[in-house]
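The values are calculated or read from the model by the stated rules, or taken from the named source; none is laboratory data. It should be emphasised that the depicted structure is a prediction, and the values quoted were computed from it without experimental measurement. Glycine gets a Cβ as well: all are built from the backbone with ideal geometry, and neighbour counts include every protein chain shown.
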Amino acid sequence: MDQQLSLVTEWLLCASSQISAPYFQLPVAGTEDSEVRERAYCYELYHRWRSHWPDDFAFSLNGEVDKSGHSLILGNLKPDFLVHVPGQMSNNLLVMEVKPANADKSRMVDDLKKLTYFRRGLKDQYGKPANYHAAYFWLYGLPMAEWPQVRSKILTRLQNSTEFDRTAVTCVIHEAAAVRAVPVSWGDAA
């Protein structure tokens, strides 16, 4: 699965460089202002990412798959993106959550716990692991220079949590429009 993940990740990072400014800050009619709208950004990222996808690729890209009521998944979970084979639990490649830089840290913490669950907590109907091969926590609109402070705030909130495993989740920063996103380290901050 590592080879497929490398391909999917390259398509995703390439797609990130194709996103224009209005998707980072959506202009508001009648004002000079713009607003951060996660859905607008995610829809554009999906569109750009999907445009790199070959028709015969083994995995599907899906957005906002509501997992509530699923017999094998606990809770009311709706990841922003899934790369998987629909209908199978043995072919789960990537789960991804997206947050704007200005999102409340408690929402970021919740997403990191959710991603850890999808990587480590899932079991199939026979009690065997049905985990996703990878999980990405995607932050957009965050200047790279601010990552150490944001990382520290997030990890401080998670300090005593057994629900987050930083080795299970890769963080990716998409700094600005027309710039390629970059995976970043969780480092040793706590």
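The residue of segment 79-100 that is nearest to the chain's Cα centre (by Cα), among those that are touching a residue at least 60 places away in the same chain (Cβ under 8 Å) and over 19 Å from Arg120 (Cα atoms), is Val98.
Find the strands (runs of 3 or more DSSP E) located wholly in segment 121-190 whose residues include 3 or more that are crowded, with 18+ Cβ neighbours inside 10 Å and modelled with pLDDT of 95 or more, and list them. Working first, answer last.
Numbers: elements: 134-140, 170-174, 182-184.
Answer list for segment 121-190: 134-140, 170-174.
When Pro79, Pro54, Pro27 are checked against the criterion of being more than 30 Å from Ser161 (Cβ to Cβ) and modelled with pLDDT of 80 or more, a single residue qualifies: Pro54. Of note, Asn62 satisfies the criterion of being surrounded by fewer than 19 Cβ atoms within 10 Å (Cβ to Cβ), modelled with pLDDT under 95, polar (S, T, N, Q) and touching a Phe, Trp or Tyr at 6+ places or on another chain (Cβ under 9 Å).
Among the residues making up segment 2-29, a single one is within 18 Å of the chain's Cα centre (by Cα), surrounded by fewer than 16 Cβ atoms within 10 Å (Cβ to Cβ) and not in a helix (DSSP H, G or I): Ser17.
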